[in-house]
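The values are calculated or read from the model by the stated rules, or taken from the named source; none is laboratory data. On a predicted model such as this, the values are computed, not experimentally measured, just so you know. Because the Cβ atoms are built from the backbone with ideal geometry, glycine has one as well, and the counts that use them run over all protein chains shown.
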Amino acid sequence: MWTKKAVLVVSLAILSILLGLALRNPLLLSMSAALLAYVSISVFANTAARLAAERKLSHEKIFEDGTAKAELLIVNRGGKTGFLEVRDKLPRQVQIKEGTNYTYLNLNPKGGATRLKYTMKFPLKGLYQIGPITLRTQDPFNLFYRESEVPEISEITVFPQVRDVKELYIKSKQPKIYPGEMKVKMPGPGTDFFAIRDYIPGDPFRDINWKAYASTGKLLVNERERLSVSDVTIVFDSREVSGIGMDSDNANLYGARAAATLANFFLKRRDSVQLVVYSDKVRTVKKGTGQKQLFEILTALASAEPKGDLPLGGIVEVVLPYMPRHSPVIVISNLEEDDTLSKAVSTMKVLEFDVTIISPNSIEFEIMAKQKKGIKVDPVAYNILRLERDILIQELMGYGVRVVDWKPAIPLTQVLLEARNY
Amino acid sequence: MKLGKRFLAIVLLYIMIVIYVVYPLMDYGIAKASGKEYVFSSNLSPFETNLGDVSAFYSDLKVMDMNGDHVADYKVRSIVSSPTILMGDLVDPKKTLYLAIGVERPYTHSEILAIEDFVRRGGHAIIADDFGYANALASRFGVTFYGGQFYDENFDKNANFTIITAHLPSDRYDKSGIEGPDGIMDDDQDGDGVIDEDPIDGVDNDQDNYALTTDGIDNDNDGKIDEPNEGIDEDPTDDDNDGYVDEEMLNGVDDDDDGRIDEDIETFQLITYKPTGLYTLQPVWVYAQSSERGFVDMNGDGRLSMAMSRNEMADKPAYPSDRIKLIVEVPVARDGSGAVDIKTGKCVYTNPDFEKPKGKVTEYKLSELDELGSIVFISDPSIFANELYTLNHITFDVSYPEDYKGDGVDNDGDGLIDEDREIAFEPSQPSVEDKKDPDNLANNAPDYWSDNRPDLFGRRKGDPIYDYDNWRFLLTLIYHLLTPEKEGETLTVLVDESRHFVSSPMLKPVYSTLGKTAFATSDPYVAGSVVGFLTLVFVGIALALREKESWIHKFDISVLHPRRNLPRDSKVQTMRLRLALQEKIRLVKGLSPEEFASLNKSVILSAIRDPELQELLREENKVYSPEDMERLMEKIKKIQPL
Amino acid sequence: MAEYDFLEEKVPLKIGIRYPETTMLKVLGFLMGLVLMVVTLLITGFSLTGFLLLLIGIILALFGQLLTPYTIFPSEKLPKLNALFLLIGTGLVVAGIAILGANNAELSDPSQLSFGQYLLLTVLGITFVLFIEYNHASLRFDDVLDSATRHSQEVFDVGPVLKNYYKAGSTLMVFIAGATLLLLVFNSILRWAALSANPQFGHSVVLHSVYVMAITLAIVFVPLGIFLLYYFEYMEEKLKKEEEEKRAKETAAIYT
């Protein structure tokens, strides 16, 4: 590829020829000859080293604000390196805390090697691609360059932050909104009697109802009601509009942190949690419990980029059959640009789900971002958006749904507290 | 970007193909179609030695350079592309002679302007033409080539080989100023070789022009040799009585020790082949003209005849007072107005592009005319050709005009008596002598130079002396036009080869490209605009080109993602506001969207108490100002269930 | 999130040497300007306008060296303040030489040029190239150092790169000088060849003036230019493919 300098030099050479002819000036033509020689010889002065590279990462899965170390081994397989630039391509959301991902290199033609070390910090959740390693050789005069890639790619998953909300919960004197242990009218490994049924080989002996056996002569066992609690569904809106605002402040990011915190909270309480993420498609993490489930949920949240525009109404219809009746449903959505919202919420309400909506306010995110960037904000336009949002929230509340309007200034814990204080 | 490069390469290739393949083929095709046979003429080339070429003249020019005296140092260069190269400062006009021998291609407008500019700046030019292709150029100096063949009573056996007498005023060559020659010899410049045919008023005998004196003496005898406008050598005679009028070298030295320097006017017998005549608007210096009986045969019937129809051009006969001019020199004004009248020194404004000033016209002193640039028109390019350049005499047998005797008898029985201007055509069949000597029409068995001293042209004892003086005339003319200011000065004769058809089809596109390049870089306006335009193009390319990306990692989490459908203009905002109001009413009334949609508008309106809000709902085309909308929003917020 | 503050992109306007590492280049650039001036005046003789233009151009180029890359135009595509000074300085130098060397018939005519004069013209051309190159290289390495310190945590060591630059650059310059001399001598060869092939063309004005130099440059660089356009288009792709294939074989055995 030509650099700007090469184009300027060639232009100067051509203009010198014309000017030299017009002014009958042999000096300009001699200069032009030198300039053209300078450019054309430089074309062939570009080196073509063949490099191989490998990367090692200290971590592949971290939480927001976590750091990971990368070590790059670059080996010259032959050819002179000349003016070689090497860069490990990083997404712009990655901050380099130590070392560098980019350098000029001069390696011995055969087997020369070097290591590039650097520490990355990831302030935002997401799925990050590290690499490929890009190489650029150029002639000494910076007239031409050639770029190539070593397709060495790693991925780092950055989970959204999980806050500890247990403390909050204990402090609260209000009745629970996050349900405590609750009988779910299903058989399970609980303590309370539920029903009697025929013995099936494999049932523990201590479950055999000896009294019934005595009276009926048949082996019968006691069934107990399941002790666990509830099946919580978190519906996470990751549509394109969830990205409104800035990289560092938007509904998607805040919502994912809220979802992660809630999931962690419920799972710690041994609840079963199911996650539904909708963007351009629906991704469901089927209900489950324990550390593994949390991991799955965090991964799903990390990779949920703002994309697509599926309506909530459709999602509800699709996932409703998998949702245990009467269980709590927490919808995390900025409530933007979705005509099916009120219908979807009313449907859920009709089916007696316990619906809470946590709604990061994208209007305020956008205004804040614009103000930070120094872009003028039209107050009327945003006031209209606010009015529309107020009316929508009012309508949803009319269905008996808890709605928390989450403005950027309110901390996550406060929002969750508000939600349960409703 | 990829497409761009490929595209550029294809365009370059295309241009080259057009220049080197398509253009020459098309040119050839057009020439063929128009019925003009494409002539790859090698005639009149200084670098070929055929009879029709001018190599002898060219090598003589080089000999002049080598005579050891360093009288002049002539470089001969050719113009292969276009005379537009004369524009700008590629050559110094004052040290350059532009020479076009035979014009087969008419001059383009820019070429004419280039030559005009060249002579305006003090350059000299010789245009030798017979068919009149040079008329577009000549007419801008008040000169016209008749185009028809010129006949005269003097010819060498064949009427096509007309003999003409030319004169060159030798005094004018001395520019050293030592002896103070006046520079205006043959004052009426009629080319008759007679000088000072004026009465002498005792004061300023060179300026008044009204009588004849041919005494060959210092006419006013005032003893002052440095008197303005008077010279001592204004005589056409052989002052030193050595039998030659042209003996002295034109070098500012008194070669023959007669006390007079470069004194004699020279007379030349020129042999021509099918020349034409010249017509001039204004008085010019005439170096050769017809006898009183010459004529230009405009209708091509070979005789002096009346025009027989309106379409036919009348022949141009010579009159005793107005002969047919054959070789003329036109001084050219420095202001670009065209020719200068040599009798008055006033600009004639023959240049049609030049606006004549309202007030006084520009005027030069007669003695200044010599310092101006000039252009010489010769009505026959063949005087340069090898065949005639050193011709002794012609051996062709030719048919004489049969009634040339002037005896009052109609000798040829054509009903006309003594039609001595009649000239018969050449016989279609060659004679016995012709057959013997098919290649050479001339018998060059000349006399030989006997003097040991070399002449100006380096000819020594044993070199031939020819009957005709073409060679001497042409070299003297060159010297006359391009006289060195100081010894050993290098002067350039530019032979314009671009007036001939290019002999090599391979070189043709090269010349054509060179011609266009020369034009684009010589005309200051064209060159300026080309350079300016290209500068703009290059700046554009440089701006458009993406610089190689900086690879230093830039951490940035502040990228803004704005919403796409922000209600920007008041119209959309009002509409959204109206919808919001409707939603609010629906909510307050506790209706589903379907129920609400079925409501009558008046019912909805009745639900609103505020008249402004009513208006918002009612008047669907009204657009509100931002302030109004803010107020309305407050009102909508305040709506409570009834 | 205070710790992730936005980067301040605007460079303040300052005068002075930014990085001592590139001082040598700045001095060389200025020196080349002076040599260029001397050589030009040696060839053409003195004329006040041309001399002043040259001098001002060289001084402006030097002044640009001492400025920070301060943004004066709104677009990134337009040059920064220091580059702008270099551009204007170069323009003035070219203008000065254009005026000084105008209408030089003697040096345009290959039939009158001696080998010594060809050498002098070559020196002129190379000095001009070096003038541009050193001035630009100094800005370039300044920029590398600049963005390295602004965006990266680690201090960037430009030393080895500069060493490599001097070494490889000097070698290349010898080739460039040789090529320039060849190009100029080719004028004479071209004239001589034309003279023997077609005297009409050989004696022509174009072959005895600046046009012969333009013809030479066109003969050499038009085909080369077309070749290079194709070279960049196709050869690059081919090379890339080959490299990828080879790398695929080798990567597996990188830690041996």
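Given (1) assigned to a strand (DSSP E or B); (2) at the interface with chain C (Cβ under 10 Å from one of its Cβ atoms); (3) not acidic (Asp, Glu), identify the lone condition not met by A:ALA68.
Of everything listed in (1) assigned to a strand (DSSP E or B); (2) at the interface with chain C (Cβ under 10 Å from one of its Cβ atoms); (3) not acidic (Asp, Glu), A:ALA68 misses just condition (2).
Give segment A:238-283 a look and list any residue that's in a strand (DSSP E or B), over 23 Å from A:MET348 (Cα atoms) and charged (D, E, K, R), or say none.
A:ASP249
Could you check segment A:131-157 and list, in sequence order, the residues that are among the aliphatic types (A, V, I, L, M) and under 13 Å from A:LYS61 (Cα atoms)?
Selection gives A:ILE156 alone.
Looking at segment A:83-130, which of its residues are within 8 Å of another protein chain (Cβ to nearest Cβ), part of a strand (DSSP E or B) and either touching a helix residue (DSSP H, G or I) at 6+ places or on another chain (Cβ under 8 Å) or under 24 Å from A:ALA260 (Cβ atoms) (or both)?
Residues satisfying the conditions are A:PHE83, A:GLN95, A:LYS97, A:TYR104.
Quick check on this structure: which one of A:ILE297, A:ILE357, A:ILE315, A:ILE375 is within 20 Å of A:ALA259 (Cα to Cα) and outside any helix (DSSP H, G or I)?
So the residue among A:ILE297, A:ILE357, A:ILE315, A:ILE375 that is within 20 Å of A:ALA259 (Cα to Cα) and outside any helix (DSSP H, G or I) is A:ILE357.
Return a yes/no flag: does segment A:104-115 have any residue that is buried (at least 19 other Cβ atoms within 10 Å of the Cβ), of a type outside the set (Lys, Arg) and either at pLDDT 85 or above or more than 30 Å from C:SER170 (Cβ to Cβ) (or both).
no
Within segment A:397-421, track down each residue that is under 28 Å from the mean Cα position of the chain (by Cα), in contact (Cβ under 8 Å) with a residue 40 or more places away in the chain and assigned to a helix (DSSP H, G or I).
A:LEU412, A:THR413, A:VAL415, A:LEU416, A:LEU417, A:ALA419, A:ARG420, listed by residue number.
When the residues of segment A:344-370 are narrowed to those that are polar (S, T, N, Q) and within 11 Å of chain B (Cβ to nearest Cβ), which ends up farthest from A:ASP237 (Cα to Cα)?
Per the criteria, the residue is A:SER346.
Take A:VAL43 and tell me if it is touching a strand residue (DSSP E or B) at 6+ places or on another chain (Cβ under 6 Å) and touching a residue at least 60 places away in the same chain (Cβ under 8 Å).
yes
A:ILE384: under 20 Å from B:VAL559 (Cβ atoms) and either without any contact (Cβ under 8 Å) to a residue 40 or more places away in the chain or within 14 Å of chain B (Cβ to nearest Cβ) (or both), yes or no?
no
So, in segment B:334-359, exactly how many residues are closer than 23 Å to B:HIS109 by Cβ, in contact (Cβ under 8 Å) with a residue 60 or more places away in the chain, over 16 Å from the mean Cα position of the chain (by Cα) and surrounded by 21 or more Cβ atoms within 10 Å (Cβ to Cβ)?
1
Are any residues in segment A:318-354 in contact (Cβ under 8 Å) with a residue 12 or more places away in the chain, aliphatic (A, V, I, L, M) and assigned to a helix (DSSP H, G or I), and if so, which ones?
Hits for segment A:318-354 are A:VAL318, A:VAL319, A:LEU320, A:LEU341, A:ALA344, A:VAL345, A:MET348.
Report yes if some residue within segment C:59-72 is within 13 Å of chain A (Cβ to nearest Cβ) and either modelled with pLDDT of 85 or more or within 24 Å of the chain's Cα centre (by Cα) (or both); otherwise report no.
No: segment C:59-72 contains no residue that is within 13 Å of chain A (Cβ to nearest Cβ) and either modelled with pLDDT of 85 or more or within 24 Å of the chain's Cα centre (by Cα) (or both).
Residues A:LYS69, A:LYS80, A:LYS89: which one is within 25 Å of A:ASN142 (Cβ to Cβ) and within 24 Å of the chain's Cα centre (by Cα)?
Matching residue, one of A:LYS69, A:LYS80, A:LYS89: A:LYS89.
State yes or no: is A:VAL235 in the same structural domain as A:ALA369 (by TED's automatic domain parsing), at pLDDT 90 or above and either part of a strand (DSSP E or B) or more than 30 Å from A:ILE332 (Cβ to Cβ) (or both)?
Here the answer is yes, as A:VAL235 does meet what is asked.
Within segment A:118-157, can you find the residues that are closer than 17 Å to A:LYS89 by Cβ and among the hydrophobic types (A, V, I, L, M, F, W, C)?
Those that are closer than 17 Å to A:LYS89 by Cβ and among the hydrophobic types (A, V, I, L, M, F, W, C): A:MET120, A:PHE122, A:LEU127, A:ILE130, A:ILE133, A:LEU135, A:VAL150, A:ILE153, A:ILE156.
Every residue in segment C:178-221 that is crowded, with 22+ Cβ neighbours inside 10 Å, within 17 Å of B:PRO46 (Cα to Cα) and more than 8 Å from every other protein chain (Cβ to nearest Cβ), please.
C:LEU207
Just the residues that are within 7 Å of another protein chain (Cβ to nearest Cβ) and crowded, with 17+ Cβ neighbours inside 10 Å, please, taken from segment B:567-585.
B:PRO567, B:GLN573, B:ARG576, B:LEU577, B:ALA580, B:GLU583, B:LYS584 - these are the residues of segment B:567-585 that are within 7 Å of another protein chain (Cβ to nearest Cβ) and crowded, with 17+ Cβ neighbours inside 10 Å.
Which of the numbered conditions does C:ASP157 fail, given that it passes all the others? Conditions: (1) of a type in the set (D, E, K, R); (2) in a helix (DSSP H, G or I); (3) more than 8 Å from every other protein chain (Cβ to nearest Cβ).
Going through (1) of a type in the set (D, E, K, R); (2) in a helix (DSSP H, G or I); (3) more than 8 Å from every other protein chain (Cβ to nearest Cβ) one by one, C:ASP157 breaks only (2).
Does segment B:527-565 hold any residues that are part of a loop (DSSP other than H, G, I, E, B) and more than 7 Å from chain A (Cβ to nearest Cβ), and which are they?
Across segment B:527-565, the qualifying residues are B:ARG546, B:GLU549, B:SER550, B:ARG564, B:ASN565.
I'm trying to understand the selection: among the residues of segment B:126-151, which are in contact with a helix residue (DSSP H, G or I) (Cβ under 7 Å, 6 or more places away or on another chain), of a type outside the set (Val, Ile, Thr) and over 14 Å from B:SER382 (Cα atoms)?
Hits for segment B:126-151 are B:ALA136, B:LEU137, B:ARG140, B:PHE145.
Which pairs have Cβ atoms under 8 Å, sit 6 or more apart or on different chains, and link a residue in segment A:7-31 that is more than 7 Å from chain C (Cβ to nearest Cβ) to one that is among the small types (Gly, Ala, Ser) and not in a helix (DSSP H, G or I)?
What qualifies is A:ALA22/B:GLY88.
I'd like to verify a number: residues in segment A:194-232 that are closer than 30 Å to A:SER359 by Cβ, modelled with pLDDT under 80 and assigned to a strand (DSSP E or B), how many?
0
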